[in-house]
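Each remark here refers to the structure printed beneath this line.
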Amino acid sequence: MPKPVAIIGAGVSGLTCGVLLAEAGWSVRIFAAEIGSSTTSAVAAAIWFPYDAEPADKVIVWALETFEVLRRLCAVAGSGVSMLELRQCARDGTREVPPWAVSLGARRLASAVLPQAFASGYALNVPLTDTSRYLDYLAARFHRAGGEIESGIRFENLAQVSREYSLVVNCTGVGARALLPDPEVEPHRGQVVIVSAIPQDFAIVCDDSPLMYAIPRGHDCVLGGTNEISFDPIPDRTTTRAIVGECSRVLEIAPPEIVAERVGLRPFRRAGVCLRKESLGESRAVIHNYGHGGAGFTLSWGCARAVLALATLPRLLIPSGGCR
């Protein structure tokens with residue numbers, strides 16, 4: 001009989017873990033307070049890049065594994081994944097090309113192609129996921145493998161998960177702060193503005209203050225953004241004007257039409273991504289997979305593979321306590 005698994009969380013991390021476990025023969029049910037367009041994952045710009053997540057050595061490994069999976073998914077109809085040139089820029093000094101980016105074919109940008117606001121930059125082709133299609137693709141693939149999703153479910157603690165599940169996978173993101181609780185988790189609030197399509201066939205990102213990015217998609221463009229510690233889920237109109245103004249200034253275009261304003265809470269963890277297996281009572285285990293910061297999509301398949309590997313190992317009697 002397939003082993004019963006409960007996954008908590010239906011964002012990109014929970015869905016990806018669900019797909020791998022279900023396709024490996026496990027009996028999987030996802031429990032989530034919110035699904036689809038209501039999740040933090042749905043708000044993400046979702047361009048591949050290891051941003052706002054630690055520790056760097058593990059993050060890069062997980063990110064590169066995910067890169068290869070997403071690159072292959074570009075050929076799958078309906079996945080919502082495509083390749084796009086990403087230009088990573090700096091306002092001052094020289095933006096060094098990291099070794100992992102060199103391995104992916106990154107190249108320095110000539111000053112002639114840089115917006116005047118930037119001093120240097122490099123470019124590489126990376127996967128871009130259209131969240132309005134990709135999350136549905138994952139959910140459909142999960143259902144085809146026999147998985148089930150139950151929404152509107154909130155747990156106060158892991159002990160509330162039915163004992164019929166011998167394994168629990170914790171993909172609760174920012175929710176892990178209260179669920180475990182884990183005080184190392186903090187919400188990095190990201191506000192974005194969806195605007196009408198702009199005449200640009202590459203994404204441009206600058207992590208220097210003020211954070212700025214413009215990521216064109218098939219029918220619109222995502223402008224950003226912010227990265228501040230806050231639980232406030234409501235878009236701020238002043239921030240929207242600042243985002244549109246800065247992006248328009250850097251790109252030297254007229255302010256585009258605003259389609260929507262959205263806020264997502266990136267699940268950053270000060271001590272780094274929590275990915276480990278531990279005991280949950282006497283007869284079952286929990287695998288934690290949270291704290292991915294601004295790299296949830298970027299780390300999704302690499303971390304899900306690690307979850308699957310932990311799930312298939314003999315039971316590990318690690319004392320409870322999360323990653324603290």
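Bear in mind these aren't lab numbers, they're just calculated from the coordinates by the rules spelled out. None of the values given here were measured: they were computed from a predicted structure. Positions of Cβ are generated from backbone atoms using ideal geometry, with glycine treated the same way; all protein chains shown enter the neighbour counts.
A protection proxy built from the mean count of other Cβ atoms within 10 Å ranks the segments 75-81, 268-274, 200-206, most packed first, as 268-274, 200-206, 75-81.
Taken one residue at a time, the phi angles of the range 125-141 give Karplus couplings (6.51, -1.76, 1.60, θ = phi - 60°) of 8, 9, x, 10, 10, 7, 4, 5, 10, 5, 5, 5, 4, 4, 4, 5, 5 Hz. Gly and Pro are set to x. Backbone geometry of the range 195-207 corresponds, through the Karplus equation with coefficients 6.51, -1.76 and 1.60 at θ = phi - 60°, to 3J(HN,Hα) couplings of 10, 5, 4, 10, x, 8, 10, 8, 8, 10, 9, 9, 7 Hz, x marking Gly and Pro. Using a cut-off of under 16 Å, list every residue of the range 243-260 whose amide N is near the label point 7 Å from the Cα of SER196 along the Cα-to-beta-carbon line. Flagged as within label range: 248, 253-260. Sort out for me the Cα centre separation of the range 257-291 from the range 1-30, rounded to whole Å. The two parts, judged by their Cα centres, are 15 Å apart.
Summing charges over all other residues whose Cβ lies under 12 Å from the Cβ of MET212, with Lys and Arg as +1 and Asp and Glu as -1, gives 0.
Here the contact order of the chain, divided by its residue count and restricted to Cα pairs under 8 Å and six or more residues apart, works out to 25 percent. The charge dipole of the range 179-248, taken about its Cα centre with unit charges on the Cβ of Lys, Arg, Asp and Glu (plus for the first two, minus for the last two), comes to roughly 380 debye. Within the shell defined by Cβ-Cβ distances under 14 Å, the residues around ILE234 carry a net charge of -1, with Lys and Arg each +1 and Asp and Glu each -1. Rounded to the nearest Hz, the phi-derived 3J(HN,Hα) couplings of the range 210-219 under the Karplus curve 6.51 cos²θ - 1.76 cosθ + 1.60 (θ = phi - 60°) are x, 3, 8, 8, 9, 10, x, 10, x, 10, where x marks glycine and proline.
Based on the reciprocal of the average 1/r between different C-alpha atoms, the Kirkwood radius for the range 148-206 equals 15.5 Å.
Entry note, the chain: the mean residue ellipticity at 222 nm calculated from DSSP H runs of n ≥ 4, each adding -39500 (n - 2.57), is -8000 deg cm²/dmol after division by the residues and rounding to the nearest 500.
Expressed as a fraction of 2.2 N^0.38 Å, the value expected for a compact globular protein of N residues, the C-alpha radius of gyration of the chain is 1.00. Basic side chains Lys and Arg get +1 at the Cβ, acidic Asp and Glu get -1 at the Cβ, and with that the dipole of the range 200-300 about its Cα centre reaches some 460 debye. What does the charge add up to near VAL126, with Lys and Arg as +1, Asp and Glu as -1, over the other residues with Cβ less than 10 Å from its Cβ? Combined, the nearby Lys, Arg, Asp and Glu give 0.
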